[in-house]
Every structure is written in C-alpha cells, then in structure tokens.
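Scroll down for the structure; my scribbles are underneath it.
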Amino acid sequence: MKSFQINPNKKYVFIMGAGASKDDNLPIQNEILQNILKRKFAMSNKQGLHKKEYKKVSDGIKKLLKTIFNSNQTLENISLESIFNILETAISQDHNIGEVKLEKIKKYYDMLIEGIMFATLTDAKLKEHNVLNKNPQSPYTIIGKKIFDNYKERDINFSFITFNYDICLDRVLLSMYNKDERKTYDVDFAIELGNYDLQDWFHRPRKRKIYLLRPHGSINWLFCATCGKVFSRISQQGKPLDLVDGIKCYHCGSSSLEPYIIHPANNRIYANKYITQIWSKAEQLLSEADNWCFIGYSLPEADRYFTYMLSRIYNFRKIKNIKNNKVPEISVININKSANQHSEMLSKIASCDKGKCKNLKEITDYFEFLQKDKDVFKRFEIYFKNVIKYECSFKDFATKYFSV
C-alpha cells in the first residue's frame with residue numbers, strides 16, 4: 001500500500017464511519033445494540049456510576065425485543081435499524097404494537113436513544129485526544145498531531161465529515177485552539193451553536209478553521225424545542241445522565257434539552273434546519289475537494305441519501321467541458337480486512353486435493369455469494385474509478401501511511 005502523502009496545495013475531505021473509532025474502543029454500528037443489551041458501556045467506570053440507569057435501559061430494551069420480535073430467536077439476530085424502523089413507524093402512524101401501547105412505544109424509543117448515547121461515550125481522558133500529547137494512542141490524535149505540527153505557519157485545507165456519534169475527533173480538533181488567531185485552528189460545525197452566545201463557551205470560528213460536519217448529530221449536542229437552539233457540551237464531555245435527564249435550555253429556560261442525533265433507520269429524515277445546513281455545507285466541500293478519503297465507512301444502505309449525494313457530485317465532476325472540472329481522488333481505508341481473508345480462503349480451497357476437488361466451482365460460488373455486498377472495496381468501485389485501497393486499521397493508516 002502506498003503512502004497517503006498530503007499535498008498542501010490540494011483540498012481534502014475525510015469521511016469517518018464507525019470503524020474509525022474502533023481503535024478508541026468504541027463499537028461499530030452493528031455492535032451498539034449488543035453493547036446496550038450487555039450493559040457494555042465505556043462510562044461504567046471504576047466507581048460504578050450510572051449502573052442503575054444502565055440496567056434500566058438494558059432491561060427495558062430486552063423486554064421490548066422479546067415482546068415485538070419472535071421470542072425464539074436470539075437477540076443477536078436483530079439490528080438497531082429494524083427496531084427503529086418499527087418504533088418510528090408506529091409513532092408516526094399513532095399505532096400500538098400488539099399489547100404495547102403508543103405511550104410505551106415512545107418511552108422505548110427514548111430509551112433506545114439513551115442506550116446509544118451510553119454505548120458511544122468514550123472513557124478516554126481528554127489528554128488522549130489532545131494534539132499536544134507526545135505519545136498518543138488514538139489514531140484521531142496521531143493524525144491531528146501530524147496536521148497541527150506541520151501546518152502551524154500556513155492555511156489548512158482539511159475538512160471532516162463524521163457519521164459517528166462519539167466525540168473523539170471533536171476533542172482532537174478542539175485541542176488545536178489558541179487565543180492567538182495566528183496560531184490556532186478553530187472548529188466550524190457549519191451551524192450557529194447556541195454556545196456562541198454564552199460566556200466562556202464556544203466562540204464563533206475565526207479565519208483559520210477546520211470544518212467538522214456531523215450530518216447525524218452528536219451525543220453531546222442538545223436541542224431546545226422551544227427556542228430552537230442547539231448546544232454542544234463537548235468542551236467537557238457531559239455525563240450520561242446530564243445529557244438525557246432534563247437539563248433546562250441555557251438560552252430560554254423554557255424546555256428541557258433533548259439529545260440531538262439522527263438514529264440509524266432506513267427512513268432517515270433530514271428536515272431540521274441545522275441538519276439541512278450541515279448537508280448543504282457537506283455538498284459544497286465535496287464539490288471542491290481534490291481527495292475524498294473514507295475511513296471506516298462502508299456506504300451502508302441506511303445512508304442512501306449520502307450515497308446519492310456522492311454519486312451526483314462525482315458524476316457532475318466527470319463532465320470534461322466544464323472549466324477546471326475533474327473527479328476527486330478516492331481513498332478507502334477498510335478496517336474489516338475481509339477482502340484479503342476471502343481471497344486467501346479461496347486459495348486454500350483450490351489447493352485442496354491438488355486442485356482435483358469436483359465441487360470446487362460450487363464451493364467457490366458459495367463463498368462468492370457469502371462475500372457479496374460485504375467487500376467494501378467492491379462497493380466503492382461500483383460508484384468510483386481508480387479507488388486507492390488501504391486494508392488496515394485506522395491506527396495503522398495513521399502511523400504507517402498518513403504523512404504530511
């Protein structure tokens with residue numbers, strides 16, 4: 001695999017999926033539900049805080065699943081998307097689900113959101129996600145440190161789009177802040193945070209800034225349904241209960257603040273004005289970037305709108321008669337390591353009995369069928385040409401291949 005060498009004259013957009021946070025001991029999306037059911041939360045720390053709340057959420061979701069799904073099936077076969085699809089549709093249609101009344105369905109819905117927040121909070125200390133850390137272990141910090149150390153005297157052309165709920169990346173980018181505008185990189189979330197009006201909280205980003213777009217919100221974003229403002233608690237990670245247990249709006253004080261995340265479902269709706277602004281900025285950045293780098297992201301079916309946006313922008317940029325128009329370079333860091341393992345296994349099968357196996361074709365076809373839609377690289381090659389492939393962990397990419 002070749003080096004990912006940053007060219008200071010080019011623009012880069014890094015697209016982060018759940019796999020990017022795997023090296024920070026946070027779950028990928030298909031592990032979140034199991035972590036909720038097993039009460040496997042990063043913040044169930046040595047002091048045993050929040051155990052009562054964790055148990056309530058875990059037991060409640062188990063009861064929900066056994067009620068609305070086939071009780072003979074193991075809970076491992078149920079996906080987070082399928083649960084949200086059922087709950088959300090019932091709520092939108094004002095329907096009960098069997099003996100589960102609508103009011104109870106809404107409580108289960110909120111409980112599931114709460115569980116996601118518990119499952120994706122990092123237990124790492126702030127120092128781990130700080131660019132001044134001399135020996136970082138998080139790949140987010142390793143990359144952030146390389147960028148910060150090499151771009152102190154010049155403008156930066158990096159933007160980030162993350163579909164993760166965790167705040168590891170936010171912490172790293174926020175640690176680049178300096179009161180001296182000439183030495184800083186401010187974080188721009190592309191929305192007007194309510195924090196900007198509060199003393200000693202976030203300030204509006206200045207000239208030297210890095211865009212960090214969150215099309216699915218964040219576990220530390222809180223929304224007021226009365227005044228419509230969004231606040232971020234990232235400056236110090238909010239405790240789980242603080243984020244879901246009735247904090248009054250910092251601006252109007254009229255309503256309790258609510259978690260602000262777009263949950264995994266097949267009918268995701270991006271109607272809120274802040275989410276719409278974020279998507280609009282994402283389109284602009286992708287339209288201008290020379291390189292799209294996907295890290296731990298696999299173009300999942302549930303992200304159909306983003307896949308559509310990528311395809312539309314990429315195909316527009318293929319039109320050669322538009323001045324200075326050219327397609328971006330596509331880099332994909334696949335953390336699953338399935339492509340090589342699949343090829344190696346087929347090779348072993350072919351070598352059995354010196355290649356004389358009568359059923360070799362049927363076995364090969366079966367393995368190809370199992371691999372269908374699971375090969376991340378093939379999925380990207382459906383949409384883009386000349387995909388540059390990195391089959392390694394995010395940490396390996398950050399330490400071995402990423403250079404500034």
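Please treat every number below as a calculation from the coordinates, not as lab data. Fair warning: this is a prediction, and the values are worked out from it, not measured in the lab. Positions of Cβ are backbone-derived with ideal geometry, glycine not excepted, and every protein chain shown enters the neighbour counts.
Report, ordered by chain and residue number, the aspartates and glutamates lying within cross-link reach of K326, taken as a straight Cα distance under 15 Å and ignoring same-chain residues fewer than 8 apart. Cross-link targets: E288, D290.
Between K63 and N321, what FRET efficiency comes out of the Förster formula 1/(1 + (r/R0)^6) with R0 = 56 Å and r the beta carbon distance, rounded to 0.05? Here the calculated transfer efficiency is 0.40. The mean sequence distance of close C-alpha pairs (under 8 Å, at least 6 residues apart), as a share of the length of segment 29-119, puts its relative contact order at 42 percent. Listed peptides 204-211, 26-33, 92-99, 397-404 appear in the order 26-33, 397-404, 204-211, 92-99 once ranked by packing, highest mean of other Cβ atoms within 10 Å at the front. Computed over the alpha-carbon atoms, segment 29-119 gives an Rg to Rh ratio of 0.98, Rh here being the Kirkwood radius from the mean inverse distance. Counting only residues at least eight positions apart within a chain, or on another chain, the aspartates and glutamates with an alpha carbon under 14 Å from that of K51 are D59, E114. In this model, which of K101/K273; K281/K318; K63/K248 are farther than 28 Å apart at the alpha-carbon? With Cα atoms farther than 28 Å apart: K101/K273; K63/K248. Close amide H contacts of F402 (hydrogens built in the peptide plane, cut-off under 5 Å, sequence separation of 5 or more or a different chain): F4. For E192 and F377, the difference between the fully extended length at 0.36 nm per residue and the C-alpha to C-alpha distance is 62.9 nm. Local charge for Y54 was computed over the other residues whose Cβ lies under 11 Å away, with Lys and Arg +1 and Asp and Glu -1, and equals +4.
Cross-link list K11/K395; K56/K125; K179/K207; K320/K389: which exceed 18 angstrom alpha carbon to alpha carbon? Flagged as over cut-off: K11/K395; K56/K125; K320/K389.
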